[in-house]
Structure formats: C-alpha cells, structure tokens
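Here the structure is laid out as structure tokens; the discussion comes afterwards.
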Amino acid sequence: MQKREQRKPMVAGNWKMNASREAAQALITAIQQGATAFTAIDIAIFPSFVHLPLAEHLLKNTAIAWGAQNMYLGTAGAFTGEVSGAMLVDYGCQYVLIGHSERRALFHEDLTMVAAKLKAALEAKLKPILCLGETLAEREANQTENVIGMQLQSAIDAVGIHAFNQIVVAYEPVWAIGTGLTATPEQAQSVHAFIRKIFAQHDVVVANSMRILYGGSVKADNATGLFGMADIDGALVGGASLDAKSFLAICQAAEQTEIAME
Ligand code: PEP
C-alpha cells in the first residue's frame, strides 16, 4: 500500500451549467467561510466560465483554488464560442477539468481530442484534472479495465509520464454520475489501484505521488467510506457541490480521514 502522506487529499466541486450570478456569489462566499478550518486538504471549485471572474474576486488570497470545466486548444484564434487555457490563467485558474464524461458523451470529445486538450492545458501552465470512467454497459461486459487502460494510455502517449506530476486523475464511473448510484468503496478502490498500477509500470515515483480522486454521486454520508481507501485521494463532486453545507461536509470527511491517517 502506498503511503498516503505523499498525497494531499483534494475535494473539487464541479458546478456544471448551474447557478445564477447571485447564487454563485452566495455559494462561493459560504464555501470560503466554511472552509477556513480545513488545513489537511486542498479544495477547488469549478464554476461555469462566466462565474470565474467572481471566483477570482472572492477567492483570491484564500486557500481555495478555482478552475474551469473545459477549455479549447491554442491560445487565441477563430474558434467562436471557445475559451483558451491562457484566458483561464488570466482569471487566476489553477486547474481545468479535461475529459469529463459529459464532454466525452454529449460533445463528442474522443480520445484524440481529450489528449490534445490535456497537452494544451499543460502548455498553458494549468493543472488538469483528467477524468476517466466506464459506462454501465462497459462495466457489465467486464470492460472496465480495458476502457480505463485505453483512456489512460492515450493520455500518457500524448504528454509523457512525467507530465503527470502536474495532473490529477479523477475516476468517475459514468453510471454513478448524477444518478445517485455510487461505486462501493471496494469497487472504487479496485479501479484506483488498477490506475496506480498502470502508472507504476511507467514510473513508481509518479504513481505514488499522483492524486486519484473518485467522482460519482459523492455525498456526506458515503464520503468517509470512500476516503478511507488506500488509493482514493479525495473526490470530484457534482450535485452535492452546489450546496455549501453538503460540500463542506464532504470536505470535513476528507479532512478528518486525513488527520486520522497521519
Ligand atoms: C461529476 O459531474 O463530476 C460528478 C461526479 O457528478 P455527481 O457528483 O453529481 O455524480
């Protein structure tokens, strides 16, 4: 088992296409105020593009980071409707989600596009959170490891193993996202261990220091069980991140688990 102290847990909130300006302001403020007690974990929020200036305004010089849910390739150009990594950096983003399953499924981002975005994010000096996951049909056909292996390999081929020092991986089984179904801690741990094993085949140091988050209907009441697993280094939270109390309770679970393991 890897030593967890090599990896600071992270709780990240993916707001998706949610929140009015007023609601975003209230949510960011409540999270910021509630999170001041946490010292053992990293916290990041991912509001929509339009709320990033608000995040920068309210979170600058606090311990909470912010990032975007998506980005496009290059720095600037004739790509109507798109936002570049350089623009995100301009608004203080440290992180960007890459390859979320909704981007892969609804916006047809294939392995090649996800790999290109991963490379572009690193070139912009952003820290990507690379999302991986299998569908229910793939799990039922015993294809989970094949699918995750393919998603990982195409990312490693694109940016090289050492780039993963700057990348966070999020295992998000598609069947658990927004469905209320969560992978059991054992199911999640088994895939996380598989992911770490693949990295270890390339570089043990990178594998042991890389954070692998779990995502898929994480809530306050299932978070502690997940965070207690050896290879689960935090969570990428969708629905529950839109409610400050729920999100902070998940942060609290991560903080407590980490302190108990120290
Ligand atoms: C997500 O969208 O990344 C996610 C994990 O969503 P939820 O927590 O709502 O399942």
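The values are calculated or read from the model by the stated rules, or taken from the named source; none is laboratory data. Small disclaimer: the values here were computed from a predicted structure and weren't measured. Here the Cβ is made from the backbone with ideal geometry for all residues, glycine too, and neighbour counts use every protein chain on show. For accessibility, only protein heavy atoms count, side chains too; no ligands or nucleic acids. Shrake-Rupley method; radii C 1.70, N 1.55, O 1.52, S 1.80 Å.
Overview of results
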| read-out | value |
| --- | --- |
| Between the stretch 170-194 and the stretch 78-93, the Cα center-to-center distance that results, in Å | 31 |
| Under the span-like rule (Cα at least 30 Å along the axis, Kyte-Doolittle mean at least -0.5), DSSP H helices of the chain | none |
| Principal axes of the stretch 118-160: Cα extent on each, largest first, Å | 38, 16, 9 |
| Cβ-Cβ FRET estimate between Val89 and Gln256, R0 fixed at 30 Å, reported to 0.05 | 0.35 |
| Those trypsin sites (Lys or Arg not before Pro) in the stretch 31-114 that DSSP places in a loop and that have at most 12 other beta carbons within 10 Å | Lys60 |
| Taking the stretch 107-262 and dividing mean pair separation by its residue count, relative contact order in percent (alpha carbons under 8 Å, at least six apart) | 20 |
| For the stretch 1-114: rounded, prolate or oblate by the Cα gyration tensor [a/c cutoff 1.5] | oblate |
| Charge-dipole axis of the chain as Lys and Arg at +1 and Asp and Glu at -1 on Cβ define it, positive-most pick from Met210, Leu132, Tyr171 | Met210 |
| Percent accessible area from carbon and sulfur atoms, the stretch 10-261, protein chains only, probe 1.4 Å | 56 |
| ³J(HN,Hα), Karplus 6.51/-1.76/1.60, whole Hz, each residue of the stretch 96-102, x for Gly, Pro | 8, 6, 10, x, 4, 4, 5 |
| Max mean-square fluctuation residue, GNM over the chain, Cα-Cα springs under 10 Å, options Ile250, Ile41, Ile98 | Ile41 |
| Interchain or long-range residues, amide H under 5 Å from Ser84's placed H | Tyr72 |
| Loop chymotrypsin sites (Phe, Trp or Tyr not before Pro), the stretch 1-102, which have at most 13 other Cβ atoms in a 10 Å radius of their Cβ (DSSP) | Phe79 |
| Shape of the stretch 218-262, Cα gyration tensor, a/c cut at 1.5 | prolate |
| Net +/- balance of residues flanking Ala220 in space, Cβ distance below 13 Å, scoring K and R +1, D and E -1 | -1 |
| Size of electric dipole in the chain: Cβ of Lys, Arg +1 and of Asp, Glu -1, about Cα centre, debye, nearest 20 | 340 |
| Intensity falloff of the stretch 140-262 expressed as log10 I(q)/I(0), Debye formula with alpha-carbon point scatterers, at q = 0.13, 0.18 Å⁻¹ | -0.53, -0.97 |
| The chain: calculated mean residue ellipticity at 222 nm from DSSP helix runs of at least 4, using -39500 (n - 2.57) | -13500 deg cm²/dmol |
| The stretch 76-212, dipole about Cα centre (Lys/Arg Cβ +1, Asp/Glu Cβ -1), debye to the nearest 20 | 340 |
| Surface/4 estimate of mean projected area, convex hull on alpha-carbon atoms of the stretch 10-261, nm² | 12.6 |
| Between the stretch 2-43 and the stretch 242-261, the Cα center-to-center distance that results, in Å | 9 |
